[in-house]
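> Okay, here's the structure, questions in a sec.
The values are calculated or read from the model by the stated rules, or taken from the named source; none is laboratory data. These figures come from a predicted structure and were not determined experimentally. Neighbour counts run over all protein chains shown; Cβ positions are idealised from the backbone, glycine included. Note: accessible area is taken over every heavy atom of the protein model, side chains too, but ligands, DNA and RNA are not part of it. Shrake-Rupley method; radii C 1.70, N 1.55, O 1.52, S 1.80 Å.
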Amino acid sequence: MARGDLMGIRFLLWVLICVITSLLLNFLSAIIKGRINRKKSVGFFHPYTNDGGGGERVLWCAVKAFQEVNSNLDCIIYTGDHDASPESLLARAVDRFGVKLLQPPQWIEEGTYPRFTMFGQSFGSVYLCWEALCKHTPLVYIDTSGYAFTYPLVRVFGCKVLCYTHYPTISSDMVSRVRQQDPMYNNDPLIAKRYPSQAQFIWLSRCKVIYYTLFSWMYGFAGSCAHLAVVNSSWTQAHIVKLWGIPRRTKRIYPPCDTKGLQVVTYETLFKHELSLERSINTPTIISVAQFRPEKAHTLQLEAFSVAIKKLDPGSPRPKLQFVGSCRNQEDEQRLQKLKEKAIELNVEKDVEFYRNLLYRDLVRLLGGAIAGIHSMVDEHFGVSIVEYMAAGAVPIGAHNSAGPKMDIVLEEQGQQTGFLAQNVEEYADAIIQLLKMSDAERLEMADAARRRSRRFSEERFYDDFKAAISPVLCHSSL
């Protein structure tokens, strides 16, 4: 090797060593500075505070719970929503969810990143967390969006790590489905396709199994860094305990549902229906509330509804099915359009109504007019919409016989049935027919049991349980 080439290699190595040393020194400097300047505050890591739904409701209820436990505590929201402000966040909590915070939360603006693969999302969140902690280091950090890969970094900054986990980023169910080459929504059809004669498909499937297995190990290590892991259901708890291995630091607290508000409105609505009971029975209404996403399995509901109509006795009241949901993007819009086309294909288009991006008050009105609600997502970690059905007096028919609905929600209440579970088109259709054949007294008895069951998932219950869980952590955090 020429002397000039050797000098060039040495120079490149020197530059590389200098760059790495500089990065390490900057990293250590930022951590030391953060640990020294930790503020008497709680930082909520929720990059998308305008995502709506149950996740955002948990965020605002958690903020309120911390404020009630310690009113002198500063609550900081780490968010990538650039138009956010303390006043807008306070107003959003009230207007969207009816959660009245004791004082406006502060906010720290951070960047955003594309939502790609599990790996990309997880490590993208670590960068956002680094950016946020460098701007403001709290004594207590709570993740309400499921970004477990940030926990080791937060521990290095000297913070107490809490989280509210809605569902595991990866689960043993996902790994087994890939291993079995099942074409589920979280498994690319190219890999899931069964072609034993084509070696490339087998090779890709094996690679994905290795990828998922490695990722689950990394996810388990990161999650184990949490001082307190709060989960939303028995199904999520079982997976988190298995993956993270911290059963004593894992607590199940059901998410806050606006059962009280729905019951107040619905009691008034039901009273109006009693005045016109015969007219409402002529067209019994079944409602389906879910985003128009593939995993929500709307087509299964439509097919089951079609089968049920064909099996009805002559002269029986013809039911109506209402789909209520939101569309996040063009793909969801196309999915909604295909659903409408499927209704025409099944010859039930006159019996089906579609409501897109409905206002909450209009959703409450529809819930108050429905006798039943349908849900069909496999492995739904909890199932807020099912609780809303129950609180509104709509009997859940065909809540999928898995995960949250099976383990926590559609259970007997004081020995009385609260709804139906199902797994396929035939079982869903049978549940619809069984409910339609009930007498008014039988249906109202089941609806009343379902409403009583829904109170277990109220906001008041969430506040009590959540404050009891976080109080020991706050006591040991010098707050």
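> Evaluate E = 1/(1 + (r/R0)^6) for residue 242 and residue 353, where r is the Cβ-Cβ distance and R0 equals 45 Å; express this FRET efficiency to the nearest 0.05.
E(calc), rounded to 0.05, equals 0.60.
> With r defined as the distance between the Cβ atoms of residue 40 and residue 334 and R0 fixed at 60 Å, what FRET efficiency is calculated, to the nearest 0.05?
With R0 = 60 Å, the Cβ-Cβ based efficiency is 0.75.
> Right, another one. Taking the Cβ-Cβ separation of residue 378 and residue 18 as r and a Förster radius of 60 Å, what is the calculated FRET efficiency to the nearest 0.05?
On the way: r = 53 Å, r/R0 = 0.88.
That pair, residue 378 with residue 18, gives E of 0.70.
> Which order do you get for 100, 467 if you rank them by accessible area with a 1.4 Å probe, largest at the top?
From most exposed to least exposed: 100, 467.
> Here's another thing I want to ask about it. Given charges of +1 on the Cβ of Lys and Arg and -1 on the Cβ of Asp and Glu, with all other atoms neutral, how large is the dipole of the stretch 304-455 about its Cα centre, in debye to the nearest 20?
In debye, rounded to 20, the stretch 304-455 gives about 360.
> Dipole of the stretch 299-458 (Lys/Arg Cβ +1, Asp/Glu Cβ -1, origin at the Cα centre): which of 326, 418, 374 lies farthest to the positive side?
326
> Right, another one. Taking θ = phi - 60°, what integer Hz values does the Karplus form 6.51 cos²θ - 1.76 cosθ + 1.60 yield along the stretch 210-218, in sequence order, with x for Gly and Pro?
Computed from phi, the couplings for the stretch 210-218 are 5, 4, 5, 5, 5, 5, 5, 5, 5 Hz.
> Next up: Quick check: from the Cα gyration tensor, does the stretch 259-457 come out rounded (a/c under 1.5), prolate or oblate?
Details: a/c = 1.33, a/b = 1.18, b/c = 1.13.
Since a/c stays below 1.5, the shape of the stretch 259-457 is classed as rounded.
> Need one number: nm distance between label points at residue 121 and residue 206, each 7 Å from Cα along Cα→Cβ, rounded to one decimal.
It is 2.9 nm.
> Here is a follow-up. Past 22 Å, Cα to Cα: identify those pairs from 64/160; 33/160; 33/467; 311/350, in the order given.
Where the Cα-Cα span goes over 22 Å, the pairs concerned are 33/467.
> Moving on. Show which lysines lie in cross-link reach of residue 296 when reach means a straight Cα distance below 19 angstrom and same-chain residues fewer than eight apart are skipped.
338, 340, 342, 406
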